[in-house]
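Note sheet for the following structure.
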Amino acid sequence: MEIEICCNSIQSAANAKAGGANRIELCQNLNEGGTTPSYATICQCVKELGLKVFVLVRPRPGDFVYNDLEIENMLEDVRVCKELGVAGIVVGFLHPDGSIDTTLTRRFVEAAAPIPVTFHRAFDCCTDWSKSLEEVVACGCKRILTSGCHETAIEGKEVLRSLVQQANGRITILAGSGVRPDNVNELIQFTGVSEVHGSCKMITPGGYNETSAEEVAALLQNAQKA
């Protein structure tokens, strides 16, 4: 069972490592759905913390339809991430009608190679999850981060199970959104996913979200019981 912890800062990443995690999805502005983290944060997580870092490449909040300037910015982020030795790139592209932008997805898979690409929760905004799964597979992505097209993974567990069955080992279904120590066991057993994604966040005295080492440890422990 692979566990990925979503971290929005260098401190969150350090806390995730303290809780036993060795793989993170790194972003910032998590309260807005996540955007690309800073160069320094990526560098510290890879070089100093020694974590397996999957970097979210997303230039802004909002939809997943990007203009040429934003696309060039994202491609540069991918180039920098490769130089820094990240373990994975996380992106997602849609057309205005909610279908997968396969042309852009393939372009970024090629740009990231040989680093694997995860198609993120833009997938949950798609109009046809079964068709979209086949398109993402054909684009060469290695994972889909999804809540089963629902608000949380537990709410979307029926779709997640269907996605795992349809994928049939061709792509990894990474279940995320609302994954906690108290529901991760049920989620894994019901859906058959081999990887889960959780933020394990707490509110600090300063009033912002930060990954909790204790929550990470509990999530890892309960996931391994499934």
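Values quoted throughout were computed directly from the atomic coordinates according to the rules given, and no laboratory measurement underlies them. Model, not experiment: these values are computed from the prediction. Using ideal geometry, Cβ is built from the backbone for each residue, glycine included, and neighbour counts are taken over all protein chains shown.
Which helices, taking whole DSSP H runs in the chain, have alpha carbons extending 20 angstrom or more along the helix axis plus mean Kyte-Doolittle at least -1.0?
Working: long enough: 68-84 (24 Å, -0.25).
Length and hydropathy pass: 68-84.
Positive contributions from Lys and Arg (+1) and negative ones from Asp and Glu (-1), summed over other residues with Cβ under 12 Å from the Cβ of residue 195, come out at 0. When each of the peptides 156-169, 47-60 is scored by the mean number of other C-beta atoms lying within 10 Å of its residues, the order from highest to lowest reads 47-60, 156-169. Separation of the alpha carbons by more than 23 angstrom is noted, of 52/82; 52/157; 17/225; 82/142; 47/82, for 52/157.
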